[in-house]
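Chemist: The structure follows.
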Amino acid sequence: MTDGIYSVAMTLLVLDVRLPDNFHPADAEQLVQGLLNMWPKVLPYVLSFVVLGLRWLAGVQLRSKAELLSAAYIRWWLLYLLLITCVPFTTILVGRFGVFAPAIWLYAGNTALIAIVCWRLMKLTPEIENEHHVYGRQLSLILLFMSALLCIGWSFISPQHALWGLLLNLAAPVAMRRSAEAKLNSH
């Protein structure tokens, strides 16, 4: 069921990535220029897809280990899914109005809340995750939260460039792999 929520949310992200209806290129050069001009919509789409994909993978790993969930966990999980379903809206908003700081605040605020709720979900299930996996998820969530705060702060200086702060999330898999290698080398 939750996989379906992710697949719908991730699919909805791409619906706003399109050329304007009044775009009619006369040649290949104009087409390429029109495609290049789409980066303000493509960047939020790609970043949102990566964030949702990483959150989905973390949820799958956790769910596959949990057989019985508490009522508190279920309430937090529903809040988590609510926030996930808001990502397409905030992505469209920031794709269309990313030059305005409030669009960045809403998008990054939703992202920060996702990180906070994920942290809480992880804390509600300490017995079902191994130490390395917990460390990796913690690192990933800290990067997600910090990148959202970076975007909000950056939006006060340059809203149109603030989303680049989310690229910090791409460091999570690298940091997790290095951490695992260091742990193996220490034993």
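The values are calculated or read from the model by the stated rules, or taken from the named source; none is laboratory data. Remember, predicted model here, so these are calculated numbers, not experimental data. With ideal geometry, Cβ positions are generated from the backbone for all residues, glycine too; neighbour counts draw on all protein chains shown. Note: accessible area is taken over every heavy atom of the protein model, side chains too, but ligands, DNA and RNA are not part of it. Shrake-Rupley method; radii C 1.70, N 1.55, O 1.52, S 1.80 Å.
Chemist: Just to confirm, what accessible area per residue do you get for the chain at 1.4 Å probe, in whole Å²?
Modeler: Working: 10540 Å² over 187 residues.
I get 56 Å² per residue for this part.
Chemist: For the chain, with all protein chains present and a 1.4 Å probe, just round the carbon and sulfur fraction of the accessible area to a whole percent. Working shown, then result.
Modeler: Values: 7320 of 10540 Å².
It is 69 percent, rounded to a whole number.
Chemist: Using a Förster distance of 25 Å, how high is the FRET efficiency between Asp21 and Thr85, based on the Cβ-Cβ distance and rounded to 0.05?
Modeler: Details: r = 27 Å, r/R0 = 1.07.
My answer for the efficiency is 0.40.
Chemist: Work out from phi, with θ = phi - 60° and the Karplus expression 6.51 cos²θ - 1.76 cosθ + 1.60, the ³J(HN,Hα) of each residue of the range 97-111, listed in order in whole Hz, and give x for Gly and Pro.
Modeler: Whole-Hz 3J(HN,Hα) from phi for the range 97-111: 10, x, 7, 10, 3, x, 5, 5, 4, 5, 4, 5, x, 4, 5.
Chemist: Given a 10 angstrom Cα cut-off, can you work out which residue in Ser70, Ser48, Ser147 is the most mobile in a GNM of the chain?
Modeler: It is Ser70.
Chemist: Against the longest alpha carbon principal axis of the chain, how many degrees, from 0 to 90 and to the nearest 10, is the axis of helix 171-186 turned?
Modeler: In the chain, helix 171-186 runs at an angle near 30 degrees to the longest axis.
Chemist: Taking the Cβ of Leu144 as the center, what net charge do the other residues with Cβ under 15 Å away carry, scoring Lys and Arg +1 and Asp and Glu -1? Walk me through the numbers on the way to the answer.
Modeler: Details: positive: Arg55, Arg120, Arg137; negative: none.
Overall, the nearby charge balance is +3.
Chemist: At Leu36 and Ala182, where each label point lies 7 Å from the Cα along Cα→Cβ, what is the point-to-point distance in nanometres?
Modeler: So the two model labels end up 4.1 nm from each other.
Chemist: Got a sec to turn the phi values of the range 141-146 into Karplus ³J(HN,Hα) couplings, 6.51 cos²θ - 1.76 cosθ + 1.60 with θ = phi - 60°, whole Hz, x for Gly and Pro?
Modeler: 5, 5, 5, 4, 5, 5
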